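Novice: Take this structure, written in structure tokens, and hold onto it; I'll ask about it next.
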């Protein structure tokens, strides 16, 4: 959850002043089952095509086996996992991690992404949306969040180095005294 909030705060300039308030207000908060789903999908992605039983997934992820079974049923219903029956049965990731977006995972577990009841597609639509001047503005915010999450894949989540690249200095740029590595180098 924290990783997702950092991604949104750092990569979604369209949100302007709302960026800093996302974490404070809980405007976008993923439920625990979504966190667990990402962990289970990550374990399956690391095992590349192996069939893993819920007991194996529980052992790999540190989650309780009933929780893994519940999450796996959601993910199977959303066509993110396939099952194999039999003594050596279990779950397999359906598709490549690079092709599974964070939006897909969230919507499989939680339903459509909607920052509030004013956006198009909200499960509990706002009762005054048809006469409210803010509803179109919230659609812009929701679209920006959705676009950011759509650009993040399961592959990105299981390898955070792909999300955050360290800035590089030009060869002729002197180190800044405000950078931590510059301060430690001179000490």
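The values are calculated or read from the model by the stated rules, or taken from the named source; none is laboratory data. Quantities reported herein were computed from a predicted structural model and do not represent experimental measurements. Here the Cβ is made from the backbone with ideal geometry for all residues, glycine too, and neighbour counts use every protein chain on show.
Novice: Looking at the stretch 103-117, is at least one residue over 30 Å from residue 134 (Cα atoms) and not in a loop (DSSP other than H, G, I, E, B)?
Specialist: Initially, the stretch 103-117 is screened for residues over 30 Å from residue 134 (Cα atoms), giving none.
Scanning the stretch 103-117, I find no residue that is over 30 Å from residue 134 (Cα atoms) and not in a loop (DSSP other than H, G, I, E, B), so the answer is no.
Novice: Has the stretch 66-73 got any residue that is outside any strand (DSSP E or B), at pLDDT 95 or above and under 16 Å from the mean Cα position of the chain (by Cα)?
Specialist: Yes, the stretch 66-73 has at least one match.
Novice: Taking the condition of being in contact with a helix residue (DSSP H, G or I) (Cβ under 9 Å, 6 or more places away or on another chain) and at positive phi, how many residues in the stretch 64-89 meet it? Don't jump to the end; show me each part of the working.
Specialist: Within the stretch 64-89, the subset in contact with a helix residue (DSSP H, G or I) (Cβ under 9 Å, 6 or more places away or on another chain) is 64-72, 74-75, 77-83.
Still in the list and also at positive phi: 79.
Final tally of qualifying residues: 1.
Novice: If you don't mind, another one. Out of (1) crowded, with 16+ Cβ neighbours inside 10 Å; (2) more than 20 Å from residue 153 (Cα to Cα), what's the single condition that is false for residue 72?
Specialist: Condition (2) is where residue 72 drops out.
Novice: Any residue that is at pLDDT 95 or above and either within 29 Å of residue 143 (Cβ to Cβ) or surrounded by fewer than 14 Cβ atoms within 10 Å (Cβ to Cβ) (or both) - is there at least one of those in the stretch 44-54?
Specialist: No, because not a single residue in the stretch 44-54 is at pLDDT 95 or above and either within 29 Å of residue 143 (Cβ to Cβ) or surrounded by fewer than 14 Cβ atoms within 10 Å (Cβ to Cβ) (or both).
Novice: Among the candidates 99, 172, 79, single out the residue that is surrounded by fewer than 15 Cβ atoms within 10 Å (Cβ to Cβ) and either modelled with pLDDT under 90 or touching a strand residue (DSSP E or B) at 6+ places or on another chain (Cβ under 6 Å) (or both). Walk me through how you get there before you give the answer.
Specialist: Numbers: 99 fails: either modelled with pLDDT under 90 or touching a strand residue (DSSP E or B) at 6+ places or on another chain (Cβ under 6 Å) (or both); 79 fails: either modelled with pLDDT under 90 or touching a strand residue (DSSP E or B) at 6+ places or on another chain (Cβ under 6 Å) (or both).
Answer to the selection: 172.
Novice: Follow-up question, since we're still on this one. Suppose the filter is part of a loop (DSSP other than H, G, I, E, B), free of Cβ contacts under 8 Å to residues at least 60 places away in the same chain and under 22 Å from residue 155 (Cβ atoms); does residue 86 pass it?
Specialist: Working: part of a loop (DSSP other than H, G, I, E, B): yes; free of Cβ contacts under 8 Å to residues at least 60 places away in the same chain: yes; under 22 Å from residue 155 (Cβ atoms): no.
When the stated conditions are applied, residue 86 does not pass them.
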